[in-house]
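Undergrad: Right, I'll just put the structure down here and ask away after.
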Amino acid sequence: MSDSPGWASPGPDPSSEERKTGAAGAAEPTPADPPAPAEPGAQPDDAPQGPDTKWAKGQPPPGQWSAPTGAPAPGQAPPPPPSGAGWSGPGAHGGPAGWGNGWGGPPPAAKPGVIPLRPLGIGEILDGAISTMRAYWRTVLGISLTVSVVIQLCALLLQGVILKDTASTLSDPDVSPSEVLRSLGSVSAGALLVGLVSVIGTIVATALLTTVTSRAVLGKPVGIGEAWRESRGQLLKLLGLLMLLALITVGVLLAGLLPGLVLGAVTGFDAPAVALIVLGLLAAVVVVIWLTIRFSLASPALMLERQGVWKSMTRSAKLVQGSWWRVLGVQLLAGIIANVVSWMTVIPFTMIAFVVSGENMTSLIGTSAQPTGWSFLLITGIGSVIGGMLTLPVKAGVTVLLYIDQRIRREALDLELARAAGVQGHAHGATPGPVPGS
């Protein structure tokens with residue numbers, strides 16, 4: 001008998017009943033005992049019930065019913081093959097048990113935008129970030145290009161004006177201490193200005209790209225103006241979040257260095273004090289890395305859930321809990337890919353800048369002063385702008401998609417996304433089994 005899904009056992013094989021009577025089909029009635037008229041397909045009430053006869057009333061007569069896997073009775077043609085929409089046994093058509101050739105397997109997850117609405121693999125997260133750039137290239141590249149140009153212009157002015165004057169001042173053998181202090185103050189102020197512009201530009205780009213990526217998941221169009229209107233209300237909170245995370249990082253590093261510094265101040269920085277400083281610094285770096293990954297999803301939580309600074313940090317910690325190593329791996333891989341793309345863009349422009357400006361290439365390894373000619377700075381600045389334009393959307397997109405993936409895994413966010421995208425009949429986890437590469 002067959003135990004395949006979809007089949008029900010019909011009872012004993014009627015061919016054994018036929019072999020007992022010695023007939024090829026149904027048993028021949030004798031003239032002295034003519035059969036009583038009965039409805040077709042019904043068993044007579046006075047039919048003999050031998051010990052091996054298991055047919056109940058209402059069953060087809062012997063010779064007209066065959067087991068699903070047994071051989072056909074003598075004189076019978078083999079049954080026709082099942083239709084294409086039926087069920088098949090294990091391994092049929094190369095598929096799992098229970099799926100016939102009329103079924104293509106379980107339905108795939110809905111994909112209204114750049115990612116399928118189910119738990120994502122690492123490759124799907126990276127592909128989703130790149131697909132967002134391709135599908136919304138005007139908006140994404142417009143945002144990243146604007147931010148990269150502003151940041152690079154400030155850096156260009158710092159290198160071409162302030163650093164150049166400082167280098168000429170410090171190279172003068174007759175320079176006075178007051179002039180040295182003035183030059184160092186100018187460099188510090190310029191670097192602080194560049195850093196401030198970079199932070200503000202990064203905040204604005206992160207906020208806008210978070211909005212764009214969230215729309216890309218739903219497959220809905222979005223422009224720069226609409227992204228700005230949706231995200232500008234959270235910019236100050238995002239600035240507060242980044243400042244708090246920076247303060248936490250500095251505090252952890254100082255806490256790690258403090259015991260060694262105190263011991264060094266007492267003992268004169270001997271070997272034990274230096275060893276304590278090194279160990280404290282290593283421990284502090286480990287804690288900083290752990291906290292960085294733990295709070296890495298705070299930015300999209302703040303933007304997409306309209307949370308406050310502290311609430312977004314607790315949300316990130318909750319989403320990362322139990323998946324710390326996975327989040328670290330995705331962020332690390334995205335960072336490596338972004339840096340490789342940046343280097344592949346910047347290095348050719350740097351080589352061209354050396355050729356055009358005639359600068360000494362030994363400055364690349366620090367054996368001479370860094371080039372400050374305008375032609376060199378302009379060409380390398382173009383390479384930096386292109387590199388930032390390509391890598392900034394990837395980093396922001398991976399962080400947002402990782403946040404969405406963690407919420408799908410923990411909170412069934414795909415159901416809400418499906419409703420928001422207008423997808424009908426979507427069920428959580430439409431694609432069964434583990435996701436490859438997750």
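Derivation of every value follows stated rules applied to the coordinates shown; laboratory data play no part. Only a predicted model underlies this, so the values are computations on that prediction, with no experimental measurement involved. Every residue, glycine as well, gets a Cβ built from its backbone with ideal geometry; the counts of neighbours run over all protein chains shown.
Undergrad: I want to check the label-to-label distance for SER198 and GLN424. Put each point 7 Å from Cα in the C-beta direction and report it in nm to one decimal.
TA: Reported label-point gap for SER198 and GLN424 is 5.3 nm.
Undergrad: Could I ask something else about it? Could you work out the per residue convex hull volume over the alpha carbons of the range 220-294, in cubic angstrom?
TA: On the way: hull volume 8.2 nm³, N = 75.
About 109 Å³ per residue, rounded to a whole number.
Undergrad: Here is a further query. Taking a ≥ b ≥ c as the square roots of the Cα gyration tensor eigenvalues, with a/c under 1.5 meaning rounded and otherwise prolate when a/b beats b/c, else oblate, which class fits the range 133-261?
TA: Values: a/c = 3.67, a/b = 1.71, b/c = 2.15.
Because a/c hits 1.5 or more and a/b fails to exceed b/c, the range 133-261 counts as oblate.
Undergrad: What's the ranking of 122-129, 325-332, 182-189 by average number of surrounding C-beta atoms within 10 Å, highest first?
TA: Packing order, densest peptide first, comes out as 122-129, 325-332, 182-189.
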